[in-house]
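The values are calculated or read from the model by the stated rules, or taken from the named source; none is laboratory data. Worth saying up front: this structure is predicted, and the values here are computed from it rather than measured. Neighbour counts run over all protein chains shown; Cβ positions are idealised from the backbone, glycine included. These accessible areas exclude ligands, DNA and RNA; they are computed on the full protein's heavy atoms, side chains included. Shrake-Rupley method; radii C 1.70, N 1.55, O 1.52, S 1.80 Å.
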Amino acid sequence: MERQSGTARSRLLFDGPASKWEEAIPVGNGRLGAMVYGQPGQERLQLNEDSVWYGGPRDRNNPDAKANLPEIRRLIFEGKLKEAECLARMALSGLPESQRHYLPLGHLLLDFELPEGEIEGYERVLDLDSGTVTVSFRQAGVSYRRELFASYPDQAIVLRLTADRPGAVSFSARLERGGWRYADRIGRSGEDAIWMGGSCGGEGGSLFGAALRATAEGGIVKAIGEYLLVENADSVTLVLAAATTFREADPTGRALNVTQAAARLGYDELRRRHVDDYRALFGRVSLSLGEANPELEQMTLGRRMERLAGGEADPGLFALYFQFGRYLLIASSRPGSLPANLQGIWNEHFLPPWDSKYTININAQMNYWPAESCALSECHEPLFELLERMREPGRHTAAVMYGCRGFAAHHNTDIWADTAPQDTWLPSTYWPMGAAWLSLHLWEHYRFTLDGEFLLAAYPTVREAALFLADYVVEAKSGELVTCPSVSPENVYILPNGESGVLCAGPTMDTQIIRELFGAVLQTEELLGIPESEALGPELQRVLNKLPLPRIGRHGQLQEWYEDYEEAEPGHRHISHLFGLHPGSQITTEGTPELAAAARRTLERRLANGGGHTGWSRAWIVNFWARLEDGEEAAGNLEALLTHSTLPNFLDNHPPFQIDGNFGGTAAIAEMLLQSHTGELRLLPALPASWAAGTVAGLRARGGYTVDIAWKNGRLSEAVIRAAAGGSCTVRTRERVVVSNGGEVVEVRAIQEGGVRFQAEAGGVYRIAVEEGSQVEA
């Protein structure tokens, strides 16, 4: 099966410059980010460096938590919610209540000398195939072109400025931060570089430094004060770098050295190194939904979005959105960087929405849903590194607040891996499951890669997360074990007497996370051969045996809480109690049909009451429908994600901007085409009629498989499965198929409901061909 090469199908096209941040184009290398406005005369790049945060590390754990925990639990079990919530607010909240927040690095301001005349032929383009942004236009007969990218190999943002008339490139450049109010020092280095430095602020906060260097062909480059001046050049290359004392002892010196080293390479080599590095990741997966449509592919993104909102079909736009999500993950999360936060790495605010940090009751996890399935496993590493740093403060939180072993975190963390509760907002703050959910990402990484060394290194982390929960659960009146206190993020329930509450015992999501995590630890201990005397398995199994079973409520829905409470907001954005459907694996259409039906009813009720009104929530809903194998509902909600919750620059809108919906939407498209959470490869499990024909190549599946799929008329045509490891491989299809390896037919065993099972060999490449004239009824 052929992979698609980069064409107009992989471009985001704009016919005008950005007038606001939500129209600018993001670029990044994991650590450095910029938003490109593309203004012809006065360009600005809004800049971020991932470790520019306000303040340093602190111990915010409330010393009165443990002493008051028994009373809070008693009040919850006795139904005295207001008393419990009042005491929890005082005794459990962090001191002070907020963690650290992410800050912008500043702006690069470019003031160009352009000839008089109208701007003609303007284009601003993000080329997903090369990870570059270009801005081009004509003015007074001169054609100007700018090309920009964020290089991971050279840890710099690179901007190339050219014109088709000699000596036509002249401009001044400055670095700015908060109207120069948040830059402590600024100056020049020699005649070709300027720099800016200062404190990120707050007690124990980092120092930052940024530098810009210019090299020109023709003309003059000189620095005066804080300005870098270029006069009458034929072409210019600008290199920008930045750092903080989070990683470097001398951040300004480091930034100057990086720009010097990059400038010596020259633009052509810098671009080659960037493109080679980027394509090694991005080029792993291609997706085509339908035939090429040159007319649509030459349209601006804004026009295509207008057409989609007007009800006109554009399958290629969903393929573009899928690849844009993969681009964003490469741009915001690379080995050595911090993880992608609530805004990825792109934040212009000094007091950003929700602090632009890591919200770990869904949002940070959603950021990494496409990492494994969409063949960007390396991009997952920053999340693992943060989780590892959370273990030590998390042990302190578990011991000081709850008297428990292991490590715990609540619904947020920050650059310093803070694990104490965030805010005093009852619907979210007192939820102790953050470390547990994050730890499941380690297990998922293993399931996709089968990397035994990684699993061995990850085992202590998942073990400690499970150990905390084994200690934290308490016995309810029924004798079952439940978490308490906790919440069902971030919803509110109503008691029969009309009183509303959020603190509770045993919300469904918590029980599902415990089952998923404990199951992962049990399997890990078996795979690693942990001696019984050292294994946690027996202790975890005792807890598992006493956990509440899922309950179906009065409306046929999956209960969100231990009791069948009514919801204060039936259309709430969080749908936490469907964790077991996605990203968990406890609810499946075949294995638990009654629970799957209850999950469907839950979704129907949420949507009927206005649910999915935020971008990330809608993205999660698409994943839910994909797991329920309902392609039409998945496609309808995916369309709603683009038409109602997507900004002009294709970024997700909560509102305001959050990046999680982009990643959730990308993962959902992969989930519609390939699923493997049940231990089987399900080909085209949620294919909508509007995607009648297409190809996808390079998707990853649990078990170490890489999968290519082609389909026509809504049916599988062929597939190719590459096995990284040997073992039994089960492939679910609606068609009768033949399996071959190197032209030789492979012995298979047919299975019920459609599909085959065969023994795969490590390194084997297996072609799945549909038997002529055979169709198994869906």
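Structure notes:
- Here the Karplus curve 6.51 cos²θ - 1.76 cosθ + 1.60, taken at θ = phi - 60°, turns the phi angles of segment 674-684 into couplings of 7, 10, 8, 5, 8, x, 10, 8, 9, 8, 6 Hz, with x standing for Gly and Pro.
- Checking every one of the GluC sites (Glu not before Pro) in segment 259-367 against DSSP loop status and a limit of 14 other Cβ atoms within 10 Å picks out Glu291, Glu312.
- Taking all protein chains together, Arg573, Arg627 sort by accessible area into Arg573, Arg627, largest first [probe 1.4 Å].
- Sparse-neighbour loop sites [GluC sites (Glu not before Pro); segment 47-148; at most 11 other C-beta within 10 Å; DSSP]: Glu78, Glu116, Glu118
- Calculated from backbone phi, Karplus (6.51, -1.76, 1.60) coupling profile of segment 590-603 in Hz, x at Gly/Pro: 8, x, 9, x, 5, 5, 5, 5, 5, 5, 4, 5, 4, 5
- Net charge contributed by nearby residues that have their C-beta within less than 12 Å of Leu517 (K/R +1, D/E -1): -2
- Set of lysines with alpha-carbon distance to Lys357 below 26 Å, sequence-local pairs under 8 removed: Lys20
- Rounded to 10°, Cα long-axis angle of helix 660-673 versus longest principal axis of the chain: 70
- Virtual spin-label span in nm between Ala762 and Glu566, 7 Å along Cα→Cβ: 6.0
- Note on segment 600-705: with neighbouring protein chains present and a 1.4 Å probe, carbon and sulfur make up 47 percent of its accessible heavy-atom surface.
- With respect to the chain, whose longest principal axis is taken over its alpha-carbon atoms, helix 315-332 is tilted by about 80°.
- Computed about the Cα centre, the dipole magnitude for segment 366-518 is approximately 400 debye when only Lys and Arg (+1) and Asp and Glu (-1) carry charge, each at its Cβ.
- Nearby lysines by direct alpha-carbon distance to Lys477 (threshold 19 angstrom, same-chain neighbours under 8 apart not counted): Lys80, Lys546
- Electrostatic dipole magnitude of the chain [Cβ: Lys, Arg +1; Asp, Glu -1; Cα centre; debye, to 20]: 440
- Sparsely packed loop sites in segment 477-563 (the trypsin sites (Lys or Arg not before Pro) outside DSSP H, G, I, E and B with at most 12 other Cβ atoms within 10 Å) comprise Lys477, Arg554.
- Solvent-accessible area assigned to carbon and sulfur over segment 370-493 amounts to 56 percent, based on a 1.4 Å probe.
- For segment 301-308, putting each phi into the Karplus relation 6.51 cos²θ - 1.76 cosθ + 1.60 with θ = phi - 60° gives couplings of 4, x, 5, 5, 5, 4, 4, 4 Hz, in residue order, rounded to whole numbers and with x for Gly and Pro.
- Annotation: amide H-H contacts under 5 Å for Thr646 (H modelled 1.01 Å from N, sequence separation of 5 or more, or interchain): Asn653.
- Whole-number accessible area per residue in Å² for the chain, which is evaluated in the context of all protein chains at 1.4 Å: 35
- Estimated 222 nm signal from helices in the chain, with DSSP H stretches of n ≥ 4 weighted -39500 (n - 2.57), rounded to 500: -10000 deg cm²/dmol
- For the chain, the longest principal axis of the alpha carbon atoms and the long axis of helix 65-77 meet at an angle near 60°.
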